[in-house]
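The values are calculated or read from the model by the stated rules, or taken from the named source; none is laboratory data. A quick note: this is a predicted structure, and the numbers were derived from the prediction, not measured. Cβ coordinates were reconstructed from backbone atoms using ideal geometry, including for glycine residues, and neighbour counts include every protein chain displayed.
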Amino acid sequence: MKTSALVVASAVATALSLGAVSSATAQQAKNEKCYGIVKATKNDCQTATSSCAGTAKKDAQADAWLFVPAGTCEKIVGASLKPKS
């Protein structure tokens, strides 16, 4: 009896976690990386010179990016969909 309850609980936990992953993936699909608009230490992920979020050294760092809603980046002055060189 206890084994079957554990199996059911594991199945439910797995199903819930898969739903969370697909929701996160769907959310990312509605966003785009926008380069050159971050404030220092507020980037979302890696840059050319670092491997973690929150490591941008200066405001508007060219290789640091933020996720913004799709279509928004092109409307921001100084922003780019590709890293600036």
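Those residues that are farther than 9 Å from CYS34 by Cα, of a type outside the set (Lys, Arg) and not in a loop (DSSP other than H, G, I, E, B), I need them from the range 65-85; list them, please.
Across the range 65-85, the qualifying residue is only PRO69.
Give me the pairs: first residue in the range 52-79 and at positive phi, second residue exposed (fewer than 12 other Cβ atoms within 10 Å of the Cβ), beta-carbon distance under 9 Å, and six or more apart or on different chains, which are they?
Qualifying pairs under 9 Å: ALA60/GLY78.
Among the residues of the range 31-55, what is the count of those that are touching a strand residue (DSSP E or B) at 6+ places or on another chain (Cβ under 9 Å), crowded, with 16+ Cβ neighbours inside 10 Å and part of a loop (DSSP other than H, G, I, E, B)?
Count: 6.
Restricting attention to the range 68-81, which residues are closer than 17 Å to ALA29 by Cα and surrounded by fewer than 16 Cβ atoms within 10 Å (Cβ to Cβ)?
Those that are closer than 17 Å to ALA29 by Cα and surrounded by fewer than 16 Cβ atoms within 10 Å (Cβ to Cβ): PRO69, ALA70, GLY71, THR72, GLU74, LEU81.
Could you list, ordered by first residue, the pairs with Cβ atoms under 8 Å in which the first is in the range 30-44 and on the phi > 0 side of the Ramachandran plot and without any contact (Cβ under 8 Å) to a residue 40 or more places away in the chain and the second is surrounded by 15 or more Cβ atoms within 10 Å (Cβ to Cβ) and in a loop (DSSP other than H, G, I, E, B), at least 6 apart or interchain?
Partner pairs satisfying both residue conditions: THR41/THR55; THR41/ALA56.
Could you go through the range 66-84 and let me know if any residue there is under 18 Å from the mean Cα position of the chain (by Cα) and modelled with pLDDT under 70.
no
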